[in-house]
Amino acid sequence: MSTAVAHPNIALIKYWGKRDEDLILPCTGSLSLTLDVFPTTTTLTADADAAADAITFDGAVATGSAARRITAFLDLVRAQAGITARARVDTRNSVPTGAGLASSASGFAALAVAAADAYGLALDERDLSRLARRGSGSACRSVISGTAVWYAGTDDATSFAEPVAGPALGMVIAVVDAGTKAVSSREAMRRTRDTSPYADAWATATAADLDEMLAAFGRADVTAIGELTESNALRMHAAIMASRPPIRYLTPQSIALFDAAAALRADGLDAWATADAGPNVVLLCRDGDVAAVRDALRERTGLPADRLIAAHAGPGARLV
Ligand code: 2P0
């Protein structure tokens, strides 16, 4: 029996688009902060007598595409290990029910670490990151603690995440909408690639943004990090919105939170907004400013305390 814990990550330079859907090789590299909130805990036991994998999420039996995706991932691990035994997998998420923050990144990072251990694969951090990537691209970054860069790479061996040194950063997650998104990231990435006239421009600009971001990390330039973060997120959403049929994740409340970040900056409190494939907005700030940013956002937006979540750099996926 092997149990692993992993946390979600939020990208400052976003991953949006694959050049290889099977291996999950991204079009461009990305950079993220692994958080210390909402861990996923996964326990895996290999069972030579079982006819099929038995998977539960928070105690409920997983079926359909969610279960198939986990079995497909475990098949990769089993092939690598040369073992055919099926598994019992129990996954628990600490995300408040319906908060809309459940993360495939923490899920597949925890699963990769637990499965590698249970099937006897001795993998270093880089190989665990590569393995987690096969479950969900962004999961390769949740293997790493704190800030991580995921190199796009050119093949399975060269596409992995590793730590990147820089200033201490924190985040405030503003939960705008607790529901599940209308279009999955996977589907929306495809539609962007196939129909958005800005897909190529997004990839070109993001490669340059990542270079600039790594330079900003190197000189611990929080202002440049924040400005690049906000701009890169809006570029991603612009490319997504230009898809046909259109996909629009940001709501008026999301946009108001980007305005709130600007207002905080005008007041002398540095914070920059970003958003993933949904309406929730995350403010990036210096680690020491997290409480002040949360308080200021609460005052400015009227969002209740339980919808403003303070987060700091968290640990990479690990056995417990
Ligand atoms: C990111 N997102 O960099 C970007 C920004 C969402 C918006 O990575 O298809 O769930 O499993 O590789 O990793 C979400 O995509 O997609 C994501 P798959 P994943 O965090």
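Some observations on this one:
- From the largest down, the range 179-251 spans 41, 29, 17 angstrom on the principal axes of its Cα atoms.
- Fully extending the segment from ALA238 to GLU21 would add 75.9 nm, taking 0.36 nm per residue of separation and subtracting the current Cα-Cα distance.
- Backbone amide hydrogens, once placed in the peptide plane, bring ILE55 within less than 5 Å of ALA62, VAL89, excluding anything fewer than 5 places away on its chain.
- Note, ³J(HN,Hα) from phi for the range 179-188, Karplus 6.51, -1.76, 1.60, rounded to Hz, x at Gly and Pro: x, 7, 6, 6, 10, 5, 4, 4, 5, 5
- Applying Stokes-Einstein at 25 °C and 0.890 mPa s to the Kirkwood radius of the range 2-166, computed over alpha-carbon pairs, gives a translational diffusion coefficient of 156 µm² s⁻¹.
- For the range 288-313 versus the range 212-235, the gap between their alpha-carbon centres in whole angstrom: 21
- Extension gain for MET1-VAL320 works out to 113.7 nm (0.36 nm per residue, less the C-alpha to C-alpha distance).
- The base-10 log of I(q)/I(0) for the range 166-293, evaluated at q = 0.09 Å⁻¹, reads -0.27 [Debye formula, identical scatterers on Cα atoms, solvent excluded].
- For the range 135-145, 3J(HN,Hα) per residue [Karplus equation, 6.51 cos²θ - 1.76 cosθ + 1.60, θ = phi - 60°, Hz, x = Gly/Pro]: x, 7, x, 5, 5, 5, 7, 6, 5, 9, 7
- Taking each residue as 0.36 nm, the span from THR154 to ALA215 lengthens on full extension beyond its C-alpha to C-alpha distance by 19.7 nm.
- Per-pair calculated FRET efficiency, R0 = 22 Å: SER94 and ALA54 via Cβ, rounded to 0.05: 0.50
- Modelled FRET efficiency - R0 25 Å, ASP267 with ASP306, Cβ distances, 0.05 increments: 0.55
- With helices as the sole contributors, the chain gives -12500 deg cm²/dmol at 222 nm; each DSSP H run of n ≥ 4 counts as -39500 (n - 2.57), and the sum is divided by every residue.
- For the range 163-207 versus the range 35-64, the spacing of their alpha-carbon centroids is 27 Å.
- Most tightly packed first, judged by the mean number of other beta-carbon atoms within 10 Å of their residues, the peptides 140-153, 120-133, 76-89 read 140-153, 120-133, 76-89.
Only the coordinates and a few stated rules stand behind these numbers; no lab work does. Bear in mind that the values here come from a model prediction, so they are computed numbers and not experimental data. Using ideal geometry, Cβ is built from the backbone for each residue, glycine included, and neighbour counts are taken over all protein chains shown.
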